[in-house]
Amino acid sequence: MEKHRIFIVEDDRKIAELLADTLRKYQYDVAVAEDFDQIADECLSFDPHLILLDINLPTYDGYYWCRQLRTQTTCPILFISARSGDMDQVFALENGGDDFITKPFHYDVVLAKIRSHLRRSFGEYAPAQSERIVKVGTLTLFAERMELQSGVNVVPLQKKECIILELLMEAAPKVVSRETLLEELWDDQSFVDENTLNVNIARVRKKLADFDILSTIDTVRGAGYRFVLATEEE
């Protein structure tokens, strides 16, 4: 059976090696980032199933690298940081992260979160491996590829943009509640600002408009959001 690969991006060498040693004891295949100017290249080469990512890094911070990594992988990214403010956690999730662990941490907590995310992405809770495709009119969403196809045009999507479109397109023309969207976008809603979902919806609308897709997302006051297919794209 293939070992799950975990990529650690942590500039405190002691913490990185302690994490790596602990994970190897539990039969994970681990790589630790070496060149903090080439994080994306090292990650692509290792092809991890999960990434542990610090925020305070040389040259560019973890938020920047998370955005870069999201262009090449959909695997879980867990931030590990001494920062404990609500906005630090919001920024981590907004920039493509899946979870946030505050230092100092218990290794049992880190291991439990890793196992949970791996189960959801690759284990017994993972969706069927056949590619998820959602078609509405002439628009086709390829969920695993994080791409929306409109005719010959292919629109690249960020992870949260893809989740939003998948939920809304699958339900169209029905309304999807704010609660459902929040639940799917963030594991822990307790520190998600009320405006955060609005910002993400606005980004999806702009992405559609930037690529000349006339279909859009309507706000249904007091209920949620609905994907509206343009007549030209039916």
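The values are calculated or read from the model by the stated rules, or taken from the named source; none is laboratory data. Please read these numbers as outputs of a predicted model, since none were measured by experiment. Don't worry about glycine lacking a Cβ; one is built from the backbone with ideal geometry, like all the others, and counts go over all protein chains shown. In case anyone asks, the SASA skips ligands and DNA or RNA and just uses the protein heavy atoms, side chains included. Shrake-Rupley method; radii C 1.70, N 1.55, O 1.52, S 1.80 Å.
Table for the structure above
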{"read-out": "Single unsatisfied condition, CYS66 versus (1) in contact with a strand residue (DSSP E or B) (Cβ under 7 Å, 6 or more places away or on another chain); (2) modelled with pLDDT under 90", "value": "(2)"}
{"read-out": "Output for the range 215-234, where each listed residue is surrounded by fewer than 14 Cβ atoms within 10 Å (Cβ to Cβ), more than 26 Å from the chain's Cα centre (by Cα) and part of a loop (DSSP other than H, G, I, E, B)", "value": "ARG221, GLY222, GLU234"}
{"read-out": "Spans of strands (runs of 3 or more DSSP E) in the range 134-184 with at least 2 residues without any contact (Cβ under 8 Å) to a residue 24 or more places away in the chain", "value": "139-142, 147-150"}
{"read-out": "Elements of type helices (runs of 4 or more DSSP H) in the range 1-110, at least 2 residues being crowded, with 21+ Cβ neighbours inside 10 Å, in contact with a Phe, Trp or Tyr (Cβ under 6 Å, 6 or more places away or on another chain) and among the hydroxyl-bearing types (Ser, Thr, Tyr)", "value": "none"}
{"read-out": "Within the range 51-87, tally of residues that are touching a Ser or Thr at 6+ places or on another chain (Cβ under 6 Å) and under 20 Å from MET146 (Cα atoms)", "value": "1"}
{"read-out": "Tally, over the range 172-186, of residues that are more than 19 Å from the chain's Cα centre (by Cα) and open to solvent by less than 30 Å² (accessible area, probe 1.4 Å)", "value": "1"}
{"read-out": "Within the range 88-105, considering residues that are out of contact with any helix residue (DSSP H, G or I) (no Cβ under 9 Å at 6 or more places or on another chain) and not charged (D, E, K, R), the one nearest to GLU144 (Cα to Cα)", "value": "PHE105"}
{"read-out": "Long-range neighbours under 8 Å by Cβ, at least six apart or interchain, first residue open to solvent by 50 Å² or more (accessible area, probe 1.4 Å) within the range 192-209, second at pLDDT below 90 and in a loop (DSSP other than H, G, I, E, B)", "value": "ARG203/GLN158"}
{"read-out": "Extreme residue, modelled with the highest pLDDT, among residues of the range 123-143 that are within 19 Å of THR74 (Cα to Cα), touching a strand residue (DSSP E or B) at 6+ places or on another chain (Cβ under 9 Å) and open to solvent by 60 Å² or more (accessible area, probe 1.4 Å)", "value": "ILE133"}
